[in-house]
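Shown next, in structure tokens, is the structure this report addresses.
Please treat every number below as a calculation from the coordinates, not as lab data. Remember, it's a predicted structure, so these values are computed and weren't measured experimentally. Using ideal geometry, Cβ is built from the backbone for each residue, glycine included, and neighbour counts are taken over all protein chains shown.
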């Protein structure tokens, strides 16, 4: 089975209703040839992982928003830890919103599939969503995830720098000096666009990373397939060589059999002639004997 075709079939397995996973996997393994062992080793995901997989397959926009928010939050935390400063509060809020949106969509998928959403299942889904992205291929999670690193710092908010000491309130308002620069105003429209662009680029980065991982996986798979195909070709060549040798031997045997048949046919004709002569002689001798017995000379 071609590598890309096999990967497509595996993707289809993880999109099936959960109860159909095992029989479909076993059926796929039967026709997978050299990949049968790998197919049989695919793990049936638990209900929480299965539900999150369906979010990837059925609501790609929600998934992409969540991954982009997660990457952005991680970037902000890394900046804080490196002492560069970052808006962890805003990034964390966006990530929390992404998790909440993804959780609602995932629970809706679970309900549509008629699976009960127990408290344990809801918790496992939520922790898995918060732990994304994972090291497993998206859409193929085989276990519920546990957040690690910054995802565990629930409620943690960083600051861009050390806290400033509070100033006492002025006794009276001083008039502004002529020519003094007005306080800068934040352009809300530009800020919104910048946030949108940042989220888009983070999402594009994640998509590119996912594609790169998939293509690297495909590269390894195709190299393995190429090696297996080369071995198959070599075995086929050896089989052809053996067949050619056996064909030569069979042709020689057939030629010898033809010669033997012709020789046997000649001997059969000669024997038939000898039989005819012997028969004539026997008939003549029998006639002579009869004549003598009856007293009639021949």
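Values computed for the structure shown
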quantity	calculated
Stretch gain in nm, segment residue 259-residue 291, where the contour uses 0.36 nm per residue and the Cα spacing is subtracted	6.7 nm
Mean Cβ count within 10 Å, highest first, over the residues of peptides 128-138, 31-41	128-138, 31-41
Using a Förster distance of 51 Å, the FRET efficiency for residue 120-residue 226 (Cβ separation, nearest 0.05)	0.65
Sorted by Cβ neighbour density within 10 Å, fewest at the top, the residues 141, 28, 81	81, 28, 141
Length-normalised contact order of the range 45-158 in % [C-alpha pairs under 8 Å, at least 6 apart]	41
Whole-Å distance, taken between Cα centres, linking the range 229-298 and the range 29-99	82
Theoretical FRET efficiency, 1/(1+(r/R0)^6), r = Cβ-Cβ of residue 84 and residue 200, R0 22 Å, to 0.05	0.45
Approximate spin-label separation residue 57-residue 268, in nm, with each point projected 7 Å along Cα-to-Cβ	7.1
Efficiency of FRET from Cβ geometry, residue 250 and residue 30, R₀ 30 Å, rounded to 0.05	0.25
Directionally averaged projected area (convex hull, Cα atoms, the range 45-158), nm²	6.6
The range 1-40 shape via C-alpha gyration tensor axes, a/c threshold 1.5	oblate
